[in-house]
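Q: The structure follows.
Here, each number is a calculation from the coordinates, and none is a lab measurement. Please read these numbers as outputs of a predicted model, since none were measured by experiment. Heads up, the Cβs are rebuilt from the backbone with ideal geometry, glycines too, and the neighbour counts pull from every protein chain shown.
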Amino acid sequence: MKKIYELFQERKLLSPLRRSYFILSVLVVLAGFNGANAYAQNKTVSGKITDEVGEPLPGVNVIEKGTTNGTVSDADGNYKLSVASSESVLVFSFVGTVSQQITVGSQSEITVKLSSDASTLSEVVVMGYGTQEKKDVTGSVASVKSEDFNKGIINSPEQLLQGKVAGVNVVSASGEPGGNQAITIRGPGGVRTGSTPLFVVDGMALDNTSTSGGGVNPLNFLNPKDIASIDVLKDASATAIYGSRGANGVVLITTRRGKAGSSSITYSTDFGLSKMARPIDVFTGDEFRQNVVAAGGLLDDQGANTDWQKEVSRTALTQNHNISFGGGADKLTYYASLGMQDQEGILKNSNMKRYSGRVNVTQKALNDRLSIDLNLNATNTVNERPPIESVIGGALSMNPTYPAYDDNGDPAFLNLVTPLVELKLNKDITTIDRAIGNISPSFEIIKGLVYKLNFGVDNSNSVRDIESLPSLQPARIGRIESVYKHNSNSLIENYITYTKSFGEHSLTAMIGQSYQKFYIQERGYSINNFAISDVEPRNNPSLGSSLTLTDNRPTASTIKNELQSFFGRATYEWKNKYLATATFRADGSTKFGDNNKYGYFPSFSVGWRLSEEEFIKSLPFSNLKLRAGWGQTGNQDLPEKKTQASFNSSTAAGSTYPLYTGPYPAGTTFTRLANPDLQWEVSTQTDVGLDFGFLDGALSGSVDYFSKKTNNILLRLLATADPVQVATETWTNLKDMTVTNSGLELALNYQFKSTSDFRYNVGGNITFISNKVEDSPYTVIPSGTATGSGLTSATINGYVNGEPIGTFYLKEFTGFDANGQSTYADNDGDGVVTDKDRIAAGTALPKKMYNFYASVAYKGFDLTANFNGVSGNKVYDNTANANFYKLRVKNNLNATDEAIANPEESATNPASVSTRYLKDAAFLRLNNLSLGYNFNTTSLKINNWVKAIRLSVTGQNLFVITKYDGYDPEVNTERTLDNASSYGIDYLSYPKAKSVVFGLNVTF
Amino acid sequence: MGIIGCTDLNEQVLDETLSPSGTSAKQAADGAIAPVYGRLYDLFNHTNYFALQEISTDEAILPYRGGTDWGDNGIYIAMHQHTYTSSDPNIRSTWTFINQGIAKALVAISALPAIDDESAKVYLAEARGMKAFYSMLSLDLFGLVFTKGNVNDVSTILRGAEAVEYIKADLLAAEADLDPNAGPGRLTPAAVWGLLARLHLNAAVYADRYATSFNFAGDDMDKVISYTEKIIQSGKYQLSNDYFAVFGNNNHDNKELIFAIDQRFDIAGSHNRLAYFSISGDQWPLANYPNANGTDGPAITPDFYRTWTDAYGATDPANADPRFYKQNLAIYSDPTATCVSADNYNINRGILRGQQYGLVKQNGAFVKCGDGTYQMAKLFNVSRNKPTLPVDFTLDVNYSTFSNHNNGYRVEKYEFGKNSDTGRNKGDADIIILRLADVHLMHAEAKLRKGDAGTALQDVNTVRAARTLTTAAPALTSMNLDLLLRERGFELYWEMHRRTDMIRFGKYESTWTEKTNSDVRKRIFPIPQTAIDAASNIPGYLVQNEGY
């Protein structure tokens, strides 16, 4: 104990955090109680545990079956445990090996050799509504266990997965703490937003709707440390069981559960330091002085040399504390945790704080025929955001000769609003409380026939306060707007599973029904005009003195939708070699039109375990399985109410007009016409895959070819052919238009097995993917609104036939004319350059995504490196487009070398949206580098107190190799245009951080 | 056995009205017509119809001021130099608002006949007339109109003379049922006569858009003469003796107005953009609102200014013509008049030149004299971070040397709304679409084009002589087309007629400050590319205008 205390003392980082000492002390006391076991112990067993080649195995759990009595083998594989009697049974378990149970009998020394779990074939994969052994799976499913997750500062499950699964692309919107992560599985299939997969946590299907308006990823509520595994269902044969929500893939998250016969308490803490990874290289004060004059400007020199990016950012501290305990006896197992993450963003006034608690309990009864799982999760998230665009925009373009602070140390004003003044005067604080609970009892009616009920509720309430503080200079009147949001999602599912083996045949059949209801309400209120005082408007909005319908009209929406589904699955296995699966789901939704209430989604797949065939057994395969599947899935992620007509009767601008003296009439307008034919998009997917293992499983991998074709593309028309439209909104399914994603996924892993203390593991995955839009009736469906002075009407993306989604559809920049003005290619040869000359200039979707990793371990040390990269994609640098051109420099606005790179460019040349600002977005990133050390608690003679201590240091985003000169090529500033998704646009995005995280993990 | 939720999946809509039930027939009738007019506010603002009709001409120029304001990626420069393209956002929003206006009129036309209220018949006529008005704007700006009988049909596209006939038919059909006393905020028979006169006056242009010279048919000119005379002889309208009262906050009751957008500060949509657009960001027109300022938008071109000095020779136009300028602040002529009460504080009107005076802001508040009145002083570009640069409007303005915040003479024609707390919205002055002076000048033009210069001269002098509050502008002694266009500029500057006028008078391809383009195809604007793209699913339906 003393040593641990000293370890903490040495860590200067910990010193301000007295709370951790307290937590630690509590844990020690708890651990003490655990140690003071009132259990009668009258026989001692000891021995050595080795792997199959005789190498000692440290860290093996040794449990007296049916009790909480247990220990862990030390660094030399030795263990010692007092047991109740000679009838006691010892259970030896270790990750990646086959567990053994040995009755003690008369032995006092039991030596155990644990054999490795042959190429992890008996690994269990979570499917929808059940689990399956990996060897029996016929669909394309990837499973990631907690030990393989990305490490460091993690806010959401997508980050755990980034780069881990072939075919899965995770793109963070920006570097903001807790910000949105765009995750697509096997490419986007539609035009409108809603390409996000379905997330299911412990059987509870989530709603992807945002739980707040504040740019917080709704999945942040999950504490990553509570997650045991994530299974990604990729092809239709796996996802069709989720029917109209399966088209974008399904991510199944399984949280930790206690194990019968074990008991442990784990305290872990991380301290991270982050800084801006790649500041944009704008001019220093001195460079600025030269360049303004060189560009023909009249220099406005205030004498200072301010690095504005440095002024608005900081070295950010993140701390994470997590206590969990779990275990159980025969009938009852439990897992509980409480976690806290307090993350500072690298921009000032940017913070994300999360408290999360979880209790998972399983109780068995009725001779184990009844089993009840209960999962409860409560999370409180507080997210504080600075005004990102104005702060970043200011930091990049503010004159660097202006001083940051005045003589009093306050942010200087100087009649220009500096980014520090913006930081001081604007706040955006979101608090989200979310609680999810589900209970799922299962009952074995007769042998092999199990009925299961799943009932769950997911409730979230959030408040977002958007605050503008009153100020004299600059003159601001002060305003507070509060948006209250309530999300509710409840689920009831009933299903029956029948499993039967007879002779060489094995059959599992499942049928079920599901009902899910969503209710989302949002209401916003505001008030203006606050006196300048110490009271922040959000703390007392009643101090506001101006409240009018013009300035403070409340905002509101309330939507409700329901899903009712019937589903079934049958899997059949013959001779342990030939596998077949068929699934079917009928999905009804209130969102669908009257003419199409139910959608029907079938799938079929087969597998052939070649390695079980005699003619293969002589070859060096430890596993060889061929899979093929076909299926249809839907995307019902269309907004509510779109099948019904809507009127709007209002006195809002544009609707009302003074017809006579008296109150102004409420004008009636159509917002929408009825479209009862509206329905889901349909994806038809084929997948052929091969799983293989060589060298006794040391080298394993899989390869998959897939083709996913989506039709019935759902679209909100930005404009219709006839611009005279009664309603402002028109929704339609484009029957013939298709989006096809096809590709090849390859994953490989090699595990070096040796008799020495030295182990290593290398592997990786790569995805080749192509996406194509075909048979669109339109020349282009525009998206990706450009931002910046004079750019706002231009679009950057376009959906055009023969090109991928995410295509950049732009004028082609060709240089400068004699007057130094930009020239563009006149591709249609009509003598003028217009929007008709735009070309498909590349796509934001990578053609190749790859990830590789290596880990080495020697004795207590382990080192893991994880790289990921993409290529074949581009990014539109809207930041440069709006900020880095000569005219701005001439006018005393800061910029980069890009602005003055062309001496022939005139200082009056405007920067139009064109290929000039389209840049290569390929990158290779050292995503994660982690060094850990596991203390030998036995040799430290603290093993009676502490089972394991691990110290680690992790570097995140240590480097990225890229040609891109913005903050980071992995960026996706949302610039959706009328519901058509935008891709690959970078506009004043929150810079990405580079972090070093120190971690301590203690298990009692 | 288990808990089963069961549903028939009927969608429950909680936050929208799916049927306009529960309203009285009167409310339903009002609700149908109000949006038809309500669309006008946005359409007639500074960046939409104003930008298209004025910045494209010799009356207005908007440079990239100081390199920090109104850069907008060159769209205002392109508008002035006639290099506008199909992606211009202001052209697009103008297009959108016009077509929304037509759609709202169509909805009203389909809804009103079924509403059992006495107002429904009048409203139906107004809706029909407004459909014609929006269509006229579409024809004038884009060279085409969309027409359909049923709201859910796909429109037929009409161009040229066909479009003129279609608009004419709608106006004539509307005329009979209109309420003569509903104006000026709503369509009246006189408003329809004025619009018909305007349509006939321009019919030759619409029939042969790119002609080297237009063939103004005698029939059309006769119609212009008869419609304008009908208005003049109705006796309902009167030229205002105070020119700037026509554009004042209380102009709704000014008898010169025939058709205008009814603005009231407390109605949603009402704006002050026309008063705020041109003046300096350091000009503070309201003592009660320290956030209400201008924006250093467009100035008049030096060429347009010279039309005034050329006309009045040695006499300063401010002294020669009451339409040019109105001084409201005594400090301009009396340097000791430095303290003014909030109630008496009104900035000058018309074309603003030279050093500007007014309220000065220090630490967020206006500086006061000891007695509670406000201090008047010279203005500087403090908010532009150029505190030593005076707000001193100079004649020269262009895109290179003279593109600072103080370049160019400015226009404060409409009175700054007294309730406009930020200067942007909550306007009070009605925005004029048709007024009696224009009617007289249209009469003059039709007579002149028919060879009757004498009557034309008489008409012009009638208008000149009417502004008797101060010394009226001197009578002209001769009349020709150039003088008439100049006179329209003097009378109607910045009233969103200039582009149409210059085209009709054959001057749109001329050269003026920073503008040399002489492409006749610029007489109409491009159809927005987004509209072309949206129509690409019906091949051949919507064809882009020539030259774009």
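Q: Along the positive direction of the dipole of the protein assembly as shown (beta-carbon charges: Lys, Arg +1; Asp, Glu -1; about the Cα centre), which of A:N220, B:M130, B:W284 reaches farthest?
A: A:N220
Q: Using the alpha carbon gyration tensor of the stretch B:481-527, what are the three equivalent-ellipsoid semi-axes (square root of 5 times each eigenvalue), largest first, in whole Å?
A: 19, 13, 10
Q: Next question, about the same structure. Roughly how crowded by other chains is peptide A:781-788, in terms of the mean Cβ count from those chains within 10 Å of each of its Cβ atoms? Don't skip to the answer; put the middle values down first.
A: Details: counts 3, 4, 0, 0, 0, 1, 0, 3.
Other-chain Cβ atoms within 10 Å of each residue's Cβ, averaged: 1.
Q: Which ordering of B:R424, A:R609, A:R538 is given by a fewest-first count of other beta-carbon atoms within 10 Å? Please report the intermediate quantities before stating the final value.
A: Details: B:R424 19, A:R609 22, A:R538 16.
Ranking B:R424, A:R609, A:R538 by Cβ neighbours within 10 Å, fewest first, gives A:R538, B:R424, A:R609.
Q: Based on Cα positions only, what radius of gyration and what Dmax would you give for the stretch A:441-539, in angstroms?
A: 27.2, 86
Q: Which value in deg cm²/dmol, rounded to the nearest 500, describes the helix-derived mean residue ellipticity at 222 nm for chain B, given -39,500 (n - 2.57) per DSSP H run of n ≥ 4 and division by the residue count?
A: Working: 16 runs with 195 residues, N = 548.
So the calculated ellipticity at 222 nm is -11000 deg cm²/dmol.
Q: In addition: Give the Cα extents of the stretch B:273-322 along the principal axes, in whole Å, largest first.
A: Largest first, the stretch B:273-322 extends 40, 20, 16 Å along its Cα principal axes.
Q: Across peptide B:65-71, what mean number of C-beta atoms from other chains lies inside 10 Å of a residue's C-beta? Could you put the intermediate results ahead of the total?
A: Numbers: counts 1, 3, 11, 6, 2, 2, 8.
For this peptide, the per-residue mean of nearby foreign Cβ atoms is 5.
Q: Rounded to a whole number, what is D in µm²/s for the stretch A:228-335 from Stokes-Einstein with the Kirkwood radius over alpha-carbon pairs (10 °C, 1.306 mPa s)? Can you show the working numbers first?
A: Values: Rh = 20.6 Å.
The estimated diffusion coefficient comes to 77 µm²/s.
Q: Show log10 I(q)/I(0) for chain A at q = 0.05, 0.08 Å⁻¹, two decimals, from a solvent-free Debye sum over equal Cα scatterers.
A: Log-scaled intensity ratios, in q order: -0.34, -0.88.
Q: Within 10 Å of each Cβ in peptide A:665-675, how many partner chain Cβ atoms are there on average? Round it to a whole number, please. Mind showing how you got there, number by number?
A: Working: counts 11, 7, 12, 15, 11, 5, 2, 2, 2, 1, 0.
The shielding value for this peptide is 6.
Q: In addition: Restrict the search to the stretch A:466-546; then list the GluC sites (Glu not before Pro) that DSSP places in a loop and that have at most 12 other Cβ atoms within 10 Å of their Cβ. Kindly include the intermediate steps, with their values, before the conclusion.
A: On the way: sites: A:E467, A:E481, A:E493, A:E504, A:E522; in loops: A:E504.
Filter output for the stretch A:466-546: A:E504.
Q: May I pose another question? What list of whole percents do you get for P(r) of the stretch A:566-713, with Cα-Cα distances grouped in 10 Å bins up to the one holding the largest distance?
A: 10, 23, 19, 16, 12, 8, 6, 4, 2, 0
Q: Express as a percent, rounded to the nearest 5, the fraction of DSSP beta bridges in chain B (both residues included) that run antiparallel.
A: On the way: 29 of 30 bridges.
Around 95 percent of the beta bridges assigned by DSSP in chain B are antiparallel ones.
Q: Viscosity 1.306 mPa s, temperature 10 °C: what is the translational diffusion coefficient of the stretch B:410-452 from Stokes-Einstein with a Kirkwood Rh over Cα pairs, rounded to a whole number of µm²/s?
A: Details: Rh = 13.2 Å.
Estimated diffusion coefficient is 121 µm²/s.
Q: Tell me what chain A gives for mean residue ellipticity at 222 nm when only DSSP H runs of n ≥ 4 count, each as -39,500 (n - 2.57), the sum divided by the residue total, rounded to 500 deg cm²/dmol. Before the final figure, lay out each step's value.
A: On the way: 12 runs with 87 residues, N = 1004.
The helix-only estimate for chain A comes to -2000 deg cm²/dmol at 222 nm.
Q: From the gyration tensor of the Cα coordinates in the stretch B:89-238, what semi-axes in whole Å does the equivalent ellipsoid have, largest first, with each one equal to sqrt(5λ)? Provide the component values of the computation, followed by the final result.
A: Numbers: eigenvalues 120, 99, 31 Å².
Semi-axis lengths for the stretch B:89-238 are 25, 22, 13 Å.
Q: In µm²/s, what is D for chain B at 37 °C and 0.692 mPa s, where D = kT/(6 pi eta Rh) by Stokes-Einstein and Rh is the Kirkwood radius from Cα pairs?
A: Numbers: Rh = 24.7 Å.
Using the Kirkwood radius from Cα pairs, D works out to 133 µm²/s.
Q: Find the all-direction average of the projected area of the Cα convex hull for the stretch A:282-384, expressing the result in square nanometres with one decimal place.
A: Values: hull surface 42.4 nm².
Value for the stretch A:282-384: 10.6 nm².
Q: For the stretch B:43-64 and the stretch B:421-474, what is the centre-to-centre distance using only Cα atoms, to the nearest Å?
A: 21 Å
Q: Please report the Cα spread of the stretch A:160-260 along all three principal axes, rounded to whole Å, starting with the longest.
A: 49, 36, 25
Q: If we count other beta carbons within 10 Å of each Cβ, what is the order of A:W630, B:W284, A:W574, fewest first? Walk me through the numbers on the way to the answer.
A: Details: A:W630 19, B:W284 26, A:W574 13.
Exposure proxy ranking, most exposed first: A:W574, A:W630, B:W284.
Q: Further, regarding this structure: Report the semi-axes of the equivalent ellipsoid for the stretch B:218-374 in whole Å, largest first, where each axis is √(5λ) for an eigenvalue λ of the Cα gyration tensor. Mind dumping the intermediate values first?
A: Values: eigenvalues 237, 93, 49 Å².
Over the Cα atoms of the stretch B:218-374, the ellipsoid semi-axes are 34, 22, 16 Å.
Q: Right, another one. Please compute, over every Cα-Cα pair in the stretch A:235-287, the percentage with a separation greater than 15 angstrom. Don't jump to the answer; show the numbers that get you there.
A: Details: 1053 of 1378 pairs.
Above the 15 Å cut-off, the stretch A:235-287 has 76 percent of its Cα pairs.
Q: Would you mind working out the magnitude of the charge dipole of the protein assembly as shown relative to its Cα centre, with +1 at each Lys and Arg C-beta and -1 at each Asp and Glu C-beta, to the nearest 20 Debye? List each step's numbers first, then the result.
A: On the way: 143 positive and 162 negative charges, 707 e Å.
Around 3400 debye, computed over the protein assembly as shown.
Q: Lys and Arg at +1, Asp and Glu at -1: add these up for the other residues within a Cβ distance under 10 Å of A:T973 and post the number. It would help to have the intermediate numbers written out before the result.
A: On the way: positive: A:R975; negative: A:E389, A:E974, A:D986.
My count for the surroundings of A:T973 gives -2.
Q: Restricting everything to alpha-carbon atoms, can you work out Rg to Rh for the stretch A:431-498 with a Kirkwood hydrodynamic radius? Could the numbers behind the result be given before it?
A: Details: Rg = 23.6 Å, Rh = 15.9 Å.
Over the Cα atoms of the stretch A:431-498, Rg/Rh equals 1.48.
Q: Give me the Kirkwood hydrodynamic radius of the stretch A:374-509, using the inverse of the mean 1/r over all pairs of distinct Cα atoms, in Å to one decimal.
A: 20.2 Å
Q: Looking at the stretch A:69-177, which GluC sites (Glu not before Pro) are in a loop (DSSP not H, G, I, E or B) and have at most 14 other Cβ atoms within 10 Å? Please report the intermediate quantities before stating the final value.
A: On the way: sites: A:E87, A:E109, A:E123, A:E133, A:E147, A:E158; in loops: A:E87, A:E123.
Listed in order of number, the matching sites are A:E87.
Q: Provide Rg and Dmax in Å for the stretch A:864-1004, with only Cα atoms included in the calculation.
A: 23.0, 77
Q: Specify the inter-centroid distance of the stretch A:385-408 and the stretch B:278-322, based on alpha-carbon positions, in whole Å.
A: Measuring centre to centre over Cα atoms gives 35 Å.
Q: Moving on to the next point. Using the Kirkwood formula over every pair of different C-alpha atoms, what hydrodynamic radius in Å results for the stretch A:634-710? Before the final figure, lay out each step's value.
A: Values: mean 1/r = 0.0549 Å⁻¹.
It works out to 18.2 Å.
Q: What is the fewest-to-most order of A:L543, B:L199 by other Cβ atoms lying within 10 Å of their Cβ?
A: Values: A:L543 17, B:L199 23.
Least to most surrounded, the residues fall as A:L543, B:L199.
Q: Specify the inter-centroid distance of the stretch A:682-723 and the stretch A:864-932, based on alpha-carbon positions, in whole Å.
A: 32 Å
Q: Counting other Cβ atoms within 10 Å, which trypsin sites (Lys or Arg not before Pro) in the stretch A:799-892 have at most 15 and lie in a DSSP loop? It would help to have the intermediate numbers written out before the result.
A: Details: sites: A:K811, A:K836, A:R838, A:K847, A:K848, A:K859, A:K874, A:K886, A:R888, A:K890; in loops: A:R838, A:K847, A:K859.
Of the trypsin sites (Lys or Arg not before Pro), the ones in loops of the stretch A:799-892 whose Cβ has at most 15 other Cβ atoms within 10 Å are A:K859.
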